[in-house]
Amino acid sequence: MTTMTRFVPLRSTFNEMAALQDRLNSIFSEFARPAVAENQAEGTPAMGSFVPAVDIYEDAQALVLHLEVPGVKQSDLDLRLENQTLTIKGERKLESSSKQENFHRIERRFGSFVRTFTLPQSVDTESITAAYDAGVLTITLAKKAEAQPRQVKIEVLAPNRENQNATIQGA
């Protein structure tokens, strides 16, 4: 005769749950990794796989993009704005002074990248500024004047006594 045991899902220890979480994270991160080139060692990312992270926020006056591009020279960045589409191109190059076969591991991503963003109609494409500081490219796109919020003054009128009396009499 076989013995049946009841499954209790919360019986697992926190270490087992943490291990499961780590495994799931590694599975999903593999989707973000590019294919490994044939001439590279296992675990080394392929060239041309660099995609910078971007933060985008909006306030009342502007739309602001922050791109993380450490190791990319300012001369290797190209910004283009065409028909409400912002295109950012760049390239992070592997230092030529070090030979690739001397590396034990290369985890930083190198190569060229292209990021494209469709801008809302509220953005004034004529007023765009870009600044590069400490590996962060900041692009500021001002909003059109008609898209910016404006304050409307509310005028408080004195109550009309004749209308009040008419309302009271009619009640």
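Between Ala145 and Arg80, take the C-beta separation as r, use R0 = 22 Å, and let me know the FRET efficiency to the nearest 0.05.
Efficiency for this residue pair is about 0.35.
Once phi is turned into ³J(HN,Hα) by the Karplus curve 6.51 cos²θ - 1.76 cosθ + 1.60 with θ = phi - 60°, what whole-Hz value does each residue of the range 67-81 show in order, with x for glycine and proline?
Per residue, the Karplus-derived 3J(HN,Hα) values read 10, 8, 9, x, x, 9, 6, 4, 5, 8, 9, 9, 10, 9, 10 Hz.
Put a dot 7 Å past each Cα toward the Cβ at Lys89 and Gln21; how far apart are the dots in nm?
4.3
Across the range 105-120, in residue order, what do the Karplus-derived ³J(HN,Hα) couplings come to in whole Hz, using 6.51 cos²θ - 1.76 cosθ + 1.60 with θ = phi - 60° and x for Gly and Pro?
Using θ = phi - 60°, the values come out as 7, 10, 10, 6, 8, 10, x, 8, 9, 9, 10, 10, 10, 8, 8, x Hz.
Please list Phe103, Phe50 from largest to smallest accessible area, probe radius 1.4 Å, with all protein chains kept in place.
Values: Phe103 80, Phe50 10 Å².
Highest to lowest solvent-accessible surface, that is Phe103, Phe50.
Can you give the Rg to Rh ratio of the range 77-155, both from alpha-carbon atoms, with Rh computed by the Kirkwood formula?
On the Cα set of the range 77-155, Rg over Rh gives 1.23.
The values are calculated or read from the model by the stated rules, or taken from the named source; none is laboratory data. Source: prediction; values computed, not measured. When we count neighbours, we look across all protein chains shown, and the Cβ atoms used for this are built from the backbone with ideal geometry, even at glycine. In case anyone asks, the SASA skips ligands and DNA or RNA and just uses the protein heavy atoms, side chains included. Shrake-Rupley method; radii C 1.70, N 1.55, O 1.52, S 1.80 Å.
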